[in-house]
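Please treat every number below as a calculation from the coordinates, not as lab data. These numbers come from a predicted model, not from an experiment. FYI the Cβ positions are ideal-geometry reconstructions off the backbone, even for glycines, and counts take in every protein chain you see.
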Amino acid sequence: MRSRRSTSGRASVLVDTSFLLPALGIEVEEEVMEVIPMFRKLEVRYL
């Protein structure tokens, strides 16, 4: 899957709810928690 460049010039990624749950204090898999810090380099989009 190719990423799209946003108007900010950063790659844009669409995430599902498993990546939003930690913001609500809900525990998720370790793999999800390891990826979240990488979001600083991306434009994150969600539904």
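Summary table
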item	result
Unit charges at the beta carbon, dipole of the chain: most positive-side option, Phe39, Val28, Thr17	Phe39
Neighbour net charge for Val44 - beta-carbon separation under 12 angstrom, K R +1, D E -1	+2
Peptides ranked, highest mean first, by Cβ atoms within 10 Å: ranges 37-45, 23-31	37-45, 23-31
Geometric extent, Cα atoms of the chain - Rg, Dmax (angstrom)	11.5, 33
